[in-house]
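Novice: I'd like to ask some things about the structure below.
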Amino acid sequence: MKNLLPGIVLAVVIAIGLFVWYGCRIEPGNGQIAVLIRKTGTPLPPGEIIAVKPGQQGIQLDVLGEGRYFRNPYLWDWQIVPALEVPAGKFAVLVRKFGRDSGTIIAANDASRGILPGVLGTGRHRINPHAYEVRLFDDIRIMPGNVGVVTSLTGADVFSGVPNDFTVQDGFLVQRGRKGVIAEVLKEGTHRVNPFLQSITIVNTQSQRHEFSGRDAITFLTLDGFTVSLEGTVEFNIDAALASRLTQVVGNMDDILKKIILPSVHGFARIEGSKKSATEFIIGESRRLFQEDLDKYLRGNCRKWGIVINSVLIRDIIVPQEIAGIIRNRELAQQEAHKYSQEISRARSEAELARQKMLAEQNLRKVAAETEQLTTRIAANQAQMEKIAAAESLLRVAAIDYETAKAESRARLNTAEAERQVIEEGLRKDAEVLSTRIAAFGSPENYIRSKLYEKLMPNLTSIVVNGKDAGSFGLPGIGKVEDNEVRK
């Protein structure tokens, strides 16, 4: 018996493991949830289908997401169901199936059954299918050039004894939280609005164009009883800030056109057109003034409704043929007269042009003569200036030569003065020497006699004189030489 005990324990452990793994395991896969059902506990109150409190018997509100869980199968039961998938471009609205009945279709609080005010966006959500009903709706896409007018489907209204606030666009609109059209609009973009709470009407605010021509042409009687038709175009768009009131009071785009714009055009044309004659709509300024007045009237009358008039164009004014023929003939006559007037003006212009050409030629010749005279004068002045410049140049050269000659003369004078001083100094020295020599001989006569002797004596062999006295040059007398000869 003791030998069998370990085997029995092992078998019990294995059996318990198998029971837990295969009997107690809850394993929701990817994109799945597990809804728990409690088999034991406090019974649910009458009319309730979901256990919202711990320990209550029945379907539990909370679900298990992806993963692995273990529950006692004797106490619990479960269902594995797909999780809520909200695809792209859609959103989900939940309807709570459990809770108290509040008497409204919208759940008043977390304990009331009905439609939940919030929405679920794109993606995966763990929603208990036994507790909530899921309804999918397309995203509300408001393209550029459009707005969304919001109508609240829930809230207080005049039928519940709460009057509208007349400060909000004359009471035609309501504030948020009340039933009716809300003043604020939705701008372009993607919006997810609970359709059980609010209704969205997309309104085009782009420029619209309407042609009133053919059977839609505007007809009226003139002052003189003729029927005139107007054909044209009006361009308009809805003011986004007033789109809510406009759609609430008037209606859609066709209503706006038929109830406001066209009646305004017809009314103005019939009232103002009856003040003018038929001819005024063909010639003169009446047609232009009529269009300007119509444009001004439409802008003012439609602006208070939230309609912006961009332009009003009258393309054609159709008048009776009998008046058109008369006016046409008169126009032709006026055109002929205008043609002749233009020809006369052209002839005058040609004559004036010829006169201007002659004056131009005369002026041209005058200018040529004056130009030639001026050229000659300029040339003479130029030649004179050149001669003066040459003379001034020669004068400057002569002045330079004069200064050069003066410098050379001063140099020669200085040289001559130096030579004179040298000669003078030499003569002075010679005179001093001569004076010294004369003083040595006693008298000038002796010195001269000495010099004469020095010159003559080397060449004389004899001297013949006539007497005993001194001879010529003061020489002493020389005795008579024989045969009166001087011999060498």
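Novice: Which of (1) modelled with pLDDT under 90; (2) out of contact with any Leu (no Cβ under 6 Å at 6 or more places or on another chain) does Ala183 not meet, given it meets every other one?
Specialist: For Ala183, the exception is condition (2).
Novice: Just checking, does region 208-231 include any residue being over 38 Å from the mean Cα position of the chain (by Cα), modelled with pLDDT of 85 or more, on the phi > 0 side of the Ramachandran plot and of a type outside the set (A, V, I, L, M)?
Specialist: No, the conditions are met nowhere in region 208-231.
Novice: Go through (1) of a type in the set (A, V, I, L, M, F, W, C); (2) touching a Lys or Arg at 6+ places or on another chain (Cβ under 7 Å); (3) assigned to a helix (DSSP H, G or I) one by one and return the number of the condition Leu18 breaks.
Specialist: Only one criterion is unmet by Leu18, namely (2).
Novice: In this structure, does Phe281 turn out to be at negative phi and in contact with a Lys or Arg (Cβ under 6 Å, 6 or more places away or on another chain)?
Specialist: Yes; evaluated as a whole, the condition is true for this residue.
Novice: If Ala111 satisfies every condition in (1) closer than 29 Å to Val20 by Cβ; (2) without any contact (Cβ under 8 Å) to a residue 60 or more places away in the chain but one, which is the exception?
Specialist: (1)
Novice: Determine which single condition Val147 fails, assuming it passes every other condition in (1) over 21 Å from Lys187 (Cβ atoms); (2) among the aliphatic types (A, V, I, L, M); (3) buried (at least 17 other Cβ atoms within 10 Å of the Cβ); (4) not assigned by TED's automatic domain parsing to the domain that holds Gly29.
Specialist: Single failed check for Val147: (1).
Conditions (1) in contact with a strand residue (DSSP E or B) (Cβ under 7 Å, 6 or more places away or on another chain); (2) more than 15 Å from Gly306 (Cα to Cα); (3) buried (at least 20 other Cβ atoms within 10 Å of the Cβ); (4) not aromatic (Phe, Trp, Tyr), marked per residue:
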| position | (1), (2), (3), (4) |
| --- | --- |
| Thr247 | yes, no, yes, yes |
| Asn252 | no, no, no, yes |
| Lys259 | no, no, no, yes |
| Ser264 | no, no, yes, yes |
| Glu272 | no, yes, no, yes |
| Gln291 | yes, yes, no, yes |
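Novice: So, one more: Kindly list, by first and then second residue, each pair from a residue in region 304-317 that is more than 14 Å from Leu257 (Cα to Cα) and assigned by TED's automatic domain parsing to the domain that holds Asn252 to a residue that is among the β-branched types (Val, Ile, Thr) and surrounded by fewer than 20 Cβ atoms within 10 Å (Cβ to Cβ), limited to pairs with Cβ atoms under 6 Å and residues at least 6 apart or on different chains.
Specialist: From region 304-317, the pairs are Leu313/Thr233.
Novice: Here's a follow-up. Filter region 318-348 for residues that are at pLDDT 75 or above, over 30 Å from Ala217 (Cα atoms) and of a type in the set (A, V, I, L, M, F, W, C) and give the result.
Specialist: Ala337, Ile344, Ala347
Novice: Report the residue count in region 25-52 for those that are aliphatic (A, V, I, L, M), farther than 15 Å from Pro129 by Cα and in contact with a Leu (Cβ under 8 Å, 6 or more places away or on another chain).
Specialist: 1
Novice: Go over the candidates Gln198, Gln208 one by one and state the one that is within 26 Å of Asp138 (Cα to Cα) and of a type outside the set (A, V, I, L, M, F, W, C).
Specialist: Result of the check over Gln198, Gln208: Gln198.
Novice: Can you name the number of the only condition in (1) touching a residue at least 60 places away in the same chain (Cβ under 8 Å); (2) buried (at least 17 other Cβ atoms within 10 Å of the Cβ) that Thr233 fails?
Specialist: Single failed check for Thr233: (2).
Novice: If Leu221 meets every condition in (1) farther than 30 Å from Val95 by Cα; (2) crowded, with 18+ Cβ neighbours inside 10 Å; (3) among the aliphatic types (A, V, I, L, M) apart from one, which number is that one?
Specialist: (2)
Novice: List the number of the failed condition for Asp293; all other conditions in (1) more than 23 Å from Val150 (Cα to Cα); (2) in contact (Cβ under 8 Å) with a residue 40 or more places away in the chain; (3) under 42 Å from the mean Cα position of the chain (by Cα) hold.
Specialist: Going through the list (1) more than 23 Å from Val150 (Cα to Cα); (2) in contact (Cβ under 8 Å) with a residue 40 or more places away in the chain; (3) under 42 Å from the mean Cα position of the chain (by Cα), Asp293 breaks only (2).
Novice: Need the failing condition index for Gly121 against (1) in contact with a helix residue (DSSP H, G or I) (Cβ under 6 Å, 6 or more places away or on another chain); (2) modelled with pLDDT of 90 or more, just the number.
Specialist: The failed condition is (1).
Novice: Going by the structure shown, is Asn72 assigned to a loop (DSSP other than H, G, I, E, B) and within 60 Å of the chain's Cα centre (by Cα)?
Specialist: The answer is no for Asn72.
Novice: Which residue out of Arg25, Arg71 is surrounded by 17 or more Cβ atoms within 10 Å (Cβ to Cβ) and among the charged types (D, E, K, R)?
Specialist: Arg71
Novice: Then there's this: Taking region 393-448 on its own, how many of its residues are of a type in the set (Asp, Glu) and touching a helix residue (DSSP H, G or I) at 6+ places or on another chain (Cβ under 9 Å)?
Specialist: 1
Novice: Could you figure out which of (1) surrounded by fewer than 16 Cβ atoms within 10 Å (Cβ to Cβ); (2) under 36 Å from the mean Cα position of the chain (by Cα); (3) of a type outside the set (Val, Ile, Thr) isn't true of Pro320?
Specialist: Single failed check for Pro320: (2).
The values are calculated or read from the model by the stated rules, or taken from the named source; none is laboratory data. What you see is a predicted model; the values in this text were computed from it and never measured. For neighbour counting, all protein chains shown are included, and Cβ atoms are generated from backbone atoms with ideal geometry for every residue, glycine included.
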